[in-house]
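First up is the structure itself, then whatever we jot down about it.
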Amino acid sequence: MHPARIAVAGASGLIGSALARSLNAEGHRVVRLVRRDPAGPDEVRWDPERSSVDSAGLEGCDAVVNLAGAGIGDRRWSAAYKARIRSSRVQGTRTLARALASLDTPPRVFVNGSAIGIYGDTGEQAVDEDAPPGTGFLPELCVEWEAATEPARAAGVRTVLPRTGLVVSRSGGAWGRLFPLFRAGLGGRLGDGRQYWSYIALHDEVAAIRHLMDRTDLSGPVNLTAPRPLTNGEITEAMARVLHRPAPLPVPAAALRLALGEMAGDVLGSQRVLPTRLLRSGFTFAFPDIEDAIRAA
């Protein structure tokens, strides 16, 4: 890929910051979307929840990547926080999509984050991009989130929807909370441990997003998960092996429901998601196995 100008929304988050570092390291110019007055030419002001963005700052970008949104697991899901999760994703995506559609020279690709939460609880059944959405808060959110990209797609911008699984990293996300627990010898399976977790190493997540940017034949949903999902119990055992700590303390489902409320249903739910389109497009995982992903983190 030639040196490019790439706008990133959510550049301060776990995935966005890693993506920005990767792009900068190879000489690309990263333009960050910020919610304050820009500090320089590599920042563009936007206010996603007020449907505002400085469209002029997006002119000349080769690609726009949107990874912005309030953290799904940052706090208990009150009605107010669910509304914030929704607006930060749907309003922000719609704002960007409309802005891109209005540009004299739109970017060649719009990569807009999504999540495997769209499939809901799939139990033991393996699913890929052809599976229908599930039911509940997260599937319905993801459907609306992805649909908000329509103005850009209709304007002819190639639009890709990376549906990301659980990112293995010690710096944030669900795994960022697991590492300290396991290091302290307090790790354990969640519920009965039989629910599938579809994970991806942070390195592979960034590489996959860049792959989606470069592959002109890819558009629509693409699952970003390692090729072989594992159960929570299997992942718990792998964490214990790699970190050389016991994992004796299973967390009962009832305790999770008490602590997490509605979100516990998604923690205890099973998602056995396969990256069919990513593999078919020729992507190669650097850390496909859980122990390698944990060591990389």
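Identify, among Ala68, Ser55, Ala83, the residue whose Cα sits farthest towards the positive end of the charge dipole of segment 37-115, taking +1 on the Cβ of Lys and Arg and -1 on the Cβ of Asp and Glu, with the dipole about the Cα centre.
So the residue furthest toward the plus end is Ala83.
Take the Cα radius of gyration of segment 125-205 and divide it by 2.2 N^0.38 Å, with N its residue count; two decimals is plenty.
1.42
Please compute the net charge surrounding Ile118, taking Lys and Arg as +1 and Asp and Glu as -1 over other residues with Cβ under 11 Å from its Cβ.
-3
Once you order the gyration tensor axes a ≥ b ≥ c over the Cα atoms, which shape class does segment 49-130 get: rounded for a/c under 1.5, otherwise prolate or oblate by comparing a/b with b/c?
oblate
In the neighborhood of Ala131, defined by Cβ-to-Cβ distances under 15 Å, what is the net charge if each Lys or Arg adds +1 and each Asp or Glu adds -1?
Cβ neighbours under 15 Å give a net charge of -3.
Quick check: net charge around Arg29, other residues with Cβ under 10 Å of its Cβ, Lys/Arg +1 and Asp/Glu -1?
Summing Lys and Arg as +1 and Asp and Glu as -1 gives -1.
Got a number for the accessible area of Leu279? Probe 1.4 Å, square angstrom, nearest 10.
It works out to around 80 Å².
Residue-wise, which Karplus ³J(HN,Hα) couplings in Hz belong to segment 216-232, taking 6.51 cos²θ - 1.76 cosθ + 1.60, θ = phi - 60°, and x for glycine or proline?
So the Karplus estimates, Gly and Pro as x, are 5, 8, 9, 8, x, x, 9, 6, 9, 9, 5, x, 10, x, 10, 6, 4 Hz.
Of His203, His28, which has the most accessible area with a 1.4 Å probe, and how do the rest follow in descending order? Don't skip to the answer; put the middle values down first.
Values: His203 105, His28 10 Å².
Descending order: His203, His28.
Suppose every Lys and Arg Cβ carries +1 and every Asp and Glu Cβ carries -1, with no other charges. What dipole size does segment 158-205 come out with about its Cα centre, to the nearest 20 debye?
My answer is approximately 60 debye.
So what does the Cα-only Debye profile of segment 1-78 read at q = 0.13, 0.15, 0.16 Å⁻¹, as log10 I(q)/I(0), no solvent term?
Once normalised to I(0) and log-transformed, intensities are -0.41, -0.53, -0.60.
Of Val109, Ala147, Thr231, whose Cα points farthest to the positive end of the dipole of segment 109-242 (charges on the beta-carbon: +1 Lys, Arg; -1 Asp, Glu; origin at the Cα centre)?
About the Cα centre, the residue reaching furthest to the positive side is Thr231.
Taking the chain as a Gaussian network, where each spring joins two C-alpha atoms under 10 Å apart, which residue of Pro106, Pro227, Pro38 fluctuates the most?
Result for the chain, Cα springs under 10 Å: Pro38 fluctuates most.
Only Cα pairs within less than 10 Å get springs; with that Gaussian network setup on the chain, which residue of Asp37, Asp121, Asp62 has the largest fluctuation?
Judging by the Gaussian network model, the answer is Asp37.
What are the residues whose amide H is under 5 Å from the amide H of Gly134, where those residues sit 5 or more places off or on another chain and H is modelled from the backbone?
Close amide H contacts, sequence-distant or interchain: Tyr119, Gly120.
Given the -39500 (n - 2.57) contribution per DSSP H run of 4+ residues, what per-residue ellipticity at 222 nm results for the chain, rounded to the nearest 500 deg cm²/dmol?
Value at 222 nm, helices only, nearest 500: -11500 deg cm²/dmol.
Taking Kirkwood radius over Cα pairs in Å as the quantity of interest, determine which of (i) 23.9; (ii) 19.6; (iii) 21.2 was computed from the displayed structure.
(ii)
To the nearest 10 degrees, how steep is helix 137-147 against the longest Cα principal axis of the chain, on a 0 to 90 scale?
Approximately 20 degrees, to the nearest ten.
Using a 1.4 Å probe, how large is the accessible area of Ser52, given in Å² and rounded to the nearest 10?
Number for this one is 60 Å².
Looking only at Ala11, Ala131, Ala148, which one moves most when the chain is put into a Gaussian network model with springs between Cα atoms under 10 Å?
In the Gaussian network model the winner is Ala131.
Using the crude model of +1 on Lys and Arg Cβ and -1 on Asp and Glu Cβ, and no other charge, please compute the dipole size for the chain relative to its Cα centre, in debye to 20.
In total the dipole reaches around 620 debye.
Using a simple charge model, +1 on the beta-carbon of Lys and Arg, -1 on the beta-carbon of Asp and Glu, nothing else, what dipole does segment 195-242 show about its Cα centre, in debye to the nearest 20?
So the dipole magnitude of segment 195-242 works out to roughly 20 debye.
The values are calculated or read from the model by the stated rules, or taken from the named source; none is laboratory data. Being a predicted model, the structure only gives us computed values, none of them experimental. With ideal geometry, Cβ positions are generated from the backbone for all residues, glycine too; neighbour counts draw on all protein chains shown. All accessible areas refer to the heavy atoms of the entire protein, side chains included, with ligands and DNA or RNA removed. Shrake-Rupley method; radii C 1.70, N 1.55, O 1.52, S 1.80 Å.
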